[in-house]
Structure formats: C-alpha cells, structure tokens
Amino acid sequence: MSVVAFLREGERVVGAKVVNREDGSTFNIKAKQVINATGVWTDETQAMVTDRGQLKVRASKGIHLVVPRDRFQSTVGLILRTEKSVLFVIPWGRHWIIGTTDTDWHLDKAHPAASSKDIDYILEHVNKVLKRPLTREDVEGVYAGLRPLLAGENDSTAKLSREHVVAHPVPGLVVVAGGKWTTYRVMAKDAVDEATRSMDERVPPSCTESIPLLGASGFKAAWNRRNRMAEETGVHVARIEHLLNRYGAMAPEVLALIAGNPELAEPLPGADDYLAAEAVYAATHEGARHVQDVLTRRTRISIEAWDRGVSAAPVVAKLMGEVLGWSDAQREGEIKHYLARVDAERLSQEQPDDESADAARMGVEDIVPLR
Ligand SMILES: Cc1cc2nc3c(=O)[nH]c(=O)nc-3n(C[C@H](O)[C@H](O)[C@H](O)COP(=O)(O)OP(=O)(O)OC[C@H]3O[C@@H](n4cnc5c(N)ncnc54)[C@H](O)[C@@H]3O)c2cc1C
C-alpha cells in the first residue's frame, strides 16, 4: 500500500488515502494519530501535508560485496580505516560481507544501484590488507541500500547525523526520521510515545525495548534440543541448526510443514542452504506475495547464491503458487520478472557510474500485478 495523500479535518490529519499497488484500488484509512516513518522518502511524504517546519532527509548510498569464506583465512572480522570512513569485513555464515561505501544518491530511491566504480572501490580497499587479492570473479553477491540521513550544514553524507528526530508538524501526524537500524526500538518508542501523548485515552509508555522478538522466547531450550529434534523429524542436525538460527523457537512451524509433506525437506536448487519448506513458510506465515519477496527479502538467496537465485526461482514459484493459488500464467510471469530483475542488477553493476547503473536497473518494475 502506498500513501498518496493524508485525510484532513481542518489542519488536523485524520488518516491516509492509500493505493493498493497489487490491484490499483484506492481507499481511506482513518486514524486518531498517523506516524510517518518513511526513511529516505520523508521529504515526499511530508510535502503531502505541509511545507512548514519540515525535516530534511538525504539519501546516502552504501553497497556491500558478498564473497565466500574460503577466499581468505581470518578468525576475526576486520575494521579498516579508509580516506572517507571505515570498511568492515564481517564473517557471515559461509561468506564474508565487505563494505561499505557512502555517497550521495539522487536517483531512483526504490532501487539504488551499485555501479562498477562502487565495486572497484571496495575491492581496492580490502585488497590492501589481503595476501591474495580478491577479483570480480570472487564476488558472489552485491547489494545496495540508502541511509536516511538528517541533512544539516555539512555537505558530505559521511558526516551527517546518524541520530533520529521526532516531529509533530500538525495535529494528528508524527514524523520520525533519520536514525539507525541498531536504534530502531528507541526510534519506535519515541514516535509512539509522542503519538499517544496527545490522545484522550491514557496509554502507558511503550515498553518495546523489553519485548522479545518473535522466536526469541524459548530459543535456548530449543537449541539444546536440536539433536532430539533431528531424531524426531529425520532432518539432519545441521539443517535443524540452520532453521533455529533463522526462525528461533518457531523453527518447529517449518518442521511441521515437512512432516506434512516430506518433499519440502529438499534443498532449493542453487541455494542448498535453504529448504523448500522455507519458501512455503514465507508464503503461508510471512506475507510473501512474489518470488522476489522470497529470494531477496525472506531469504538472502539473491546475494548468497552464485546464480543469484536464477535456478531456485522456478521451484519457488511452483511452491508459492500452490499456496497462493497462482495460474500457470501468473507463475510464469513471476519467474520472468525475477530473471529480468537479476539481469538488470548484473547489468547495472557493470556500468561505470551512478547514472548509467540507475538507468540499467530501472528497466524492471518492482511489483508484478496479480491479475
Ligand atoms: C549500506 C548501509 C549500511 C548501514 N549500516 C548500518 C549500521 O551498521 N548500523 C545501523 O544501525 N544502521 C545502518 N544503516 C542504516 C539503516 O539501515 C537505516 O537507518 C534503516 O534501515 C532505516 O530504516 P527506516 O525504517 O527509517 O527506513 P526504510 O527502511 O527506508 O523504510 C521506509 C519505508 O517507507 C515506505 N514508504 C515510503 N513512501 C511511502 C508511501 N508513500 N506510502 C507507504 N510507505 C512508504 C518504504 O516502502 C519503506 O518500506 C545502514 C544503511 C545502509 C544503506
């Protein structure tokens, strides 16, 4: 759903007009308080309400490379100083994640594209400390994101504030912007407390910081039982550990799918860390609507697999289609869309600069209409 306008009663915001991007329908959602938490889109969504007292958010692009763990030996992660900022080399499962860059971005916000220049920058810096230099052939995956930075006086995005700000520009609307991933619960608490403060009902302060994430309660006990779970389900203990690491104490929900259909214990082609059951679970329990939701968001197959999920896509489409009732044409459309997305990303990563990388990535729309 995209917010396309805010509902007003006089100056007050009383809800939002939204469009369902899957079928194009539009409807209104009424609310006593609206919280606008739209990251790098904050300038656009604020402008739907007021041009007074606005927060200014700048988008800073950062990219990371994923390379196999066996490409160099180290028992620890690394933090390297660069001329602009720092470079992290982080152990992640069977891979290293190496990043990041920090550059201003003024192009398509939904699909920031990594250019050839970004990739070379990271390789050049990490190679200063490696005995055997990494090359493009060692790169399994590349991903790019945009940091929402509160704009200040300083021109360099590397120096802008990483703090967050909560504003209440008009009655009924709270805006939270800036901040960091690691502080998201503080951001949420500050925004929710600000919104509830002006409501008539007495609402206690948010206690989000002490609420365990889904799957956290009971995780330790489940981990201790992993060998027993392997015996009970017939699934190898290494797979059980993978599921526990991904779903915590909710891993038995995925195992229950396998108990109902043992074929779901098969690994996905080209991405054999993941089981077919995980694609099904994404559609039944995690709100996945499209093949790319599973390959790029519920899992990280798009950056972990050498083929970026190309060989998993048809299998994932079949599994999801059975849950979501897709026709043959819908299933084919989903596969075609995902393959086009991979091609566009690969092409963008061969382009010399942001403009050409953006133009290459823009070739593929985000949503596959479900018709
Ligand atoms: C390379 C990189 C490295 C980073 N490293 C770190 C780190 O080490 N530590 C750390 O803490 N943070 C880090 N961050 C920052 C962190 O990832 C971001 O601060 C955080 O993800 C921003 O979250 P957000 O919810 O504010 O914005 P977003 O995740 O961008 O969410 C905004 C949402 O608003 C939605 N939206 C926009 N317009 C509309 C509309 N009209 N209607 C409905 N929805 C809309 C968008 O679809 C989106 O889902 C890093 C970021 C990058 C890019």
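The values are calculated or read from the model by the stated rules, or taken from the named source; none is laboratory data. Bear in mind the structure is a predicted one, so any value in this text is a computation, not a measurement. In this analysis, Cβ positions are derived from the backbone assuming ideal geometry, glycine residues included, and neighbour counts consider all displayed protein chains.
Scanning segment 192-244 for residues that are of a type in the set (S, T, N, Q) and under 20 Å from A259 (Cα atoms) yields N227, T233. Each residue in segment 112-135 was checked for being of a type in the set (G, A, S) and touching a strand residue (DSSP E or B) at 6+ places or on another chain (Cβ under 7 Å), and 2 of them qualify.
Kindly indicate which of E355, E304 is out of contact with any Lys or Arg (no Cβ under 6 Å at 6 or more places or on another chain) and either under 28 Å from R69 (Cβ atoms) or surrounded by 24 or more Cβ atoms within 10 Å (Cβ to Cβ) (or both). Can you show your working first?
Numbers: E355 fails: either under 28 Å from R69 (Cβ atoms) or surrounded by 24 or more Cβ atoms within 10 Å (Cβ to Cβ) (or both).
After applying the criteria, what remains is E304.
Of the residues screened, S327 is one that is polar (S, T, N, Q) and either surrounded by fewer than 17 Cβ atoms within 10 Å (Cβ to Cβ) or in contact with a His (Cβ under 7 Å, 6 or more places away or on another chain) (or both). In segment 53-65, the qualifying residues are those that are surrounded by 16 or more Cβ atoms within 10 Å (Cβ to Cβ) and farther than 14 Å from G145 by Cα, and the one that is nearest to the ligand (Cβ to nearest atom) is V57.
Could you check, for segment 10-18, whether at least one of its residues is near the ligand (Cβ under 10 Å from one of its atoms), in contact (Cβ under 8 Å) with a residue 12 or more places away in the chain, within 24 Å of the chain's Cα centre (by Cα) and not in a loop (DSSP other than H, G, I, E, B)? There is at least one residue in segment 10-18 that is near the ligand (Cβ under 10 Å from one of its atoms), in contact (Cβ under 8 Å) with a residue 12 or more places away in the chain, within 24 Å of the chain's Cα centre (by Cα) and not in a loop (DSSP other than H, G, I, E, B). Residues in segment 102-132 that are part of a helix (DSSP H, G or I), over 17 Å from D70 (Cα atoms) and either small (G, A, S) or away from the ligand (no atom under 16 Å from the Cβ) (or both): S116, D120, E124. Considering only segment 16-37, state which residues are buried (at least 17 other Cβ atoms within 10 Å of the Cβ) and touching a helix residue (DSSP H, G or I) at 6+ places or on another chain (Cβ under 7 Å). Once the filter is applied, which keeps residues that are buried (at least 17 other Cβ atoms within 10 Å of the Cβ) and touching a helix residue (DSSP H, G or I) at 6+ places or on another chain (Cβ under 7 Å), segment 16-37 yields Q33, N36, A37.
Residue-by-condition table, conditions (1) surrounded by 15 or more Cβ atoms within 10 Å (Cβ to Cβ); (2) within 28 Å of E322 (Cα to Cα); (3) in contact (Cβ under 8 Å) with a residue 12 or more places away in the chain:
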| position | (1), (2), (3) |
| --- | --- |
| E194 | yes, no, yes |
| V203 | no, no, no |
| R228 | no, no, no |
| I240 | yes, yes, yes |
| A256 | no, yes, no |
| E266 | no, yes, no |
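Taken together, G99, G93 contain a single residue that is more than 30 Å from R197 (Cα to Cα) and either within 15 Å of the ligand (Cβ to nearest atom) or charged (D, E, K, R) (or both), which is G99.
On the stretch given as segment 19-58, residues that are at pLDDT 95 or above, part of a strand (DSSP E or B) and either in the same structural domain as T101 (by TED's automatic domain parsing) or touching a Lys or Arg at 6+ places or on another chain (Cβ under 9 Å) (or both) total 4.
Here is a check on your reading of the model: is F72 away from the ligand (no atom under 13 Å from the Cβ), in the same structural domain as R197 (by TED's automatic domain parsing), farther than 25 Å from D193 by Cβ and among the hydrophobic types (A, V, I, L, M, F, W, C)? Give the steps one after another, and end with the answer.
Values: away from the ligand (no atom under 13 Å from the Cβ): yes; in the same structural domain as R197 (by TED's automatic domain parsing): no; farther than 25 Å from D193 by Cβ: yes; among the hydrophobic types (A, V, I, L, M, F, W, C): yes.
In short, no.
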